[in-house]
Amino acid sequence: MGPKRSGASSASSAPLPPLKIDPTTVLSDAISFSGTYPITIGANTVLHPRCKLNSTEGPIVIGSNCIISERTQLIAPDIDGLVLGDYVHVEVNCHIQAARIGDATSIEVGTKLGKGSCIGDNCTLSPLSTILDVGVLPAFTVVYGENQRRMDTSATAVARNETMLAHIDCLKKLLLNKSEKYTR
Amino acid sequence: MSSFPYIHISCPCHEDRPQTFTIDSARPISPSKSPSKHDFNFLPTDPHTPTKRRTLLGGFTPSVSFDGGNLGLDLDDDEELTDEDDENNFDPRDPRSAFSLFPIENLLYCEDCHQIRCPRCVQEEIVCWYCPSCLFEVPSSTVKSDGNRCTRNCYLCPVCTALLAVIPVNHSSGHSDHPTGPFNLFCSHCHWTTSDLIPPIQLEKPTSISAQLSKLTHSPQDTEFIRLKQHYAQQLGNAQEDFTNSPAALTRLMGLYTGLGSGSGGHGGSRKGRGVKKLEMKEVDRPREVNEEQELEIVERMAVEGLEATTTAKQRLTQPHEPRFLSDLTPTAVLLRTKRSKRCRACRHILVKPESKVQTTRFRIRLVALNYIPSLTIKRLDSTITWNNLTPHKTHRFLLTVTNPLFDPISVSLLTPRRTPGTAFASRVTILCPEFEVGANTDVWDDALMSTKPAAATPSGVSTPPVAGSFASFSKDPKMSTVYEQKMNYTSVVIEVVPPEIPDTRETRIRDERLLEIPIYVRVEFEAEVDRDDEEGGGGKPSHSGASGGAVQRERVEYSYWCVVGVGRVGDPVEGVVASEPNTPVRTPVGTPVKAPRTPAAMRTPLRQVRS
């Protein structure tokens, strides 16, 4: 049993799932890890406080240079698990049960991704959009407005990745890194 | 339909004769006096006669009367009184009423007329024009010449209407402060860029976008518009010349109107008869050209690119050239907005005046009705009541709370027709304790600093407030005894509603008969200090009294208004809840099987005392 977790997760006495965390990862205080399947987090990724990762049904793999915001739930849908690519930005209050999220995808505030949905690379989901269960978004899709979709031909992916890196650099200065709390 | 419950206040503008404040210091109005027929004399009569309403209802004659039963009046015996009160009743279902009912938040208050002012009886004046995106004020002369869109750098995405940002086309990884062109307009929401257009639009500079765009986007529609504008400007120029130079210009102008009045047939003849030169305005009489080749091209393009490449109707209509393909959309400039001041239509005094500076959201003048007239709110006393499904024949109890915004304690009389007017299916309504006092709206600071407010200003009930949620036990004042709750500046009373069985007419008729709306006449009396400062005196300051400075005079102010409480919708009848005997007053608990298991005896007994 590792050190006591604080905040929202301190109430539960369940043991942490096996964690495989890169040393450059920033894990804030009060992140809730639950489940039994392993959770892997890549290099340079930032997890905000009070985000929830649930690996009861399957493993969770988060790539490098990702940002997972507050009050967002990442729930592995099944035994195949939830895999996030690199440069994925998940905003506040999302509920994600997707199977795959591609690289450089931006998931904005309050988005719901249905169970087993599959999001391609370089997608953008505007705030409060919803993807149904087992829904598939091809790469470079933008979901906006009332579930309207269009293809992103702006070729701004590289620029956005750079913005992500700057964002992560900034967060690393602002957020307290408590990753030693979660590592055994 | 708004969600239940709602309370709308009737602006006096729906009446023919404006209803004014009765500031009557000569006639003392004792607070214990019950409202009688005499008190309603100042009420303006309805512009429509009740007989007309009855014909609308198909011969039904509702026996509507003010519920004076609680106040020791027995109106059942007095047929004349019933009829006359019927005339005075406010019918929320009358088509005319619909235009004057507003939530209190939408109402203003004119301090000079002492009247509620609804959006219909104010006049708006534009203070300034500004762009909501860059918050730059645009002078009205520029608006006239350049149109009502931002002429600076603010553009909206034609696909999703978000604001566009300027980004360099070729992304340079180095963090240079001065990015080099060309530039794109980029929508950070849906990632649309001006490169998506055919041909793509690329700007050379990141500034003065309007000037660059107007050069780049030049559709045939624009040239057509310029041609038309030139044509009509020329015509107008000729016409002005004609008007100014001709000595008979005025006669001819007048002739235009008289000619219109005498019928359209005799226009030319009458003008010629007066020997006035006929003004010739030429239309650009050219039919809209449809180029067949162009159209075929569009059809073919649609066949190739599919429906996804076409614009939606909304996207198409916001663009002046109505493009059919997404690749033809151009960025739209941001529409300007206005700040407006509002004037009273009757006395021309300003009711609302915003700060003319665009960046500030403050108001110089803002006379909202919430600060002047007591506001009503309604709550369920019994949480099992569902607003959308009221049970017929069941007594529903609601809590009506009157909140006093004034700095003087007020005494309030709530009057309601015993049966809701304007419908064949009238519900029975009873306000337990229709007369009560509401304490002054004293500031927290006033209490803390122990203000100089005279002790007499505080009503007796406020000094010893009863426990919240309990019926006030027998106090010495019988009038106050049935007040449900009395706190700082609000008082709650119980209102009982018994809806009848109503067939569901939503499919067959426009009017929803099951909608239960209760008109309540609110009459407010209070004593206002005559020579008070504005910030202290609230709204009740009578302006005409000639009190000399220094001496604090108090004067009785009285005003009244109708409001409509949308209580809910009556649902389907429930078995076991049977109709009580018709025309039995609801307030008598004996003999009505459906009511009053929860009613404390203390709630009713004082009423009897009043009556005896």
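Readers should treat all values here as calculations from the given coordinates under stated rules, not as data from a laboratory. All values derive from a computational prediction rather than experimental measurement. Cβ coordinates were reconstructed from backbone atoms using ideal geometry, including for glycine residues, and neighbour counts include every protein chain displayed.
Miscellaneous remarks
- Shielding score for A:143-155, defined as the mean number of other chain Cβ atoms within 10 Å: 5
- Alpha-carbon centroids, the stretch B:327-391 and the stretch B:220-238: separation in whole Å: 41 Å
- Placing R0 at 45 angstrom, the Cβ-Cβ distance between B:Val290 and A:Glu162 gives a FRET efficiency of 0.35 after rounding to 0.05.
- Modelled label reach - B:Thr312, point 7 Å along Cα→Cβ, the stretch B:146-160 residues with backbone N closer than 18 Å: B:156-160
- Here the label points at B:Asn389 and B:Leu135, each 7 Å from Cα along the C-beta direction, are separated by 4.9 nm in the simple model.
- Here the extension length gained between B:Glu297 and B:Ala98 equals 66.4 nm, from 0.36 nm per residue of separation less the Cα-Cα distance.
- Cα long-axis angle, helix A:157-174 against chain A (0 to 90 degrees, to the nearest 10): 30 degrees
- q = 0.18 Å⁻¹, the stretch A:98-184: log10 I(q)/I(0) [Debye, one scatterer per Cα]: -0.85
- Under a model in which nothing but the beta-carbon of Lys, Arg (+1) and Asp, Glu (-1) is charged, the stretch A:17-179 shows a dipole of about 280 debye around its Cα centre.
- Cross-link pairs exceeding 26 Å between alpha carbons, from the set B:Lys144/B:Lys342; A:Lys172/B:Lys205; B:Lys144/B:Lys229; B:Lys353/B:Lys487; A:Lys115/A:Lys181; B:Lys379/B:Lys487: A:Lys172/B:Lys205; B:Lys353/B:Lys487; A:Lys115/A:Lys181.
- Only Lys, Arg, Asp and Glu carry charge here, each on its Cβ (+1 for the first two, -1 for the last two); on that basis the stretch B:120-229 has a dipole of about 200 debye about its Cα centre.
- Protection proxy ranking, peptides B:195-205, B:558-568, average beta carbon neighbours within 10 Å, highest first: B:558-568, B:195-205
- Centre-to-centre, using Cα atoms only, the stretch A:114-184 and the stretch A:45-74 are separated by 12 Å.
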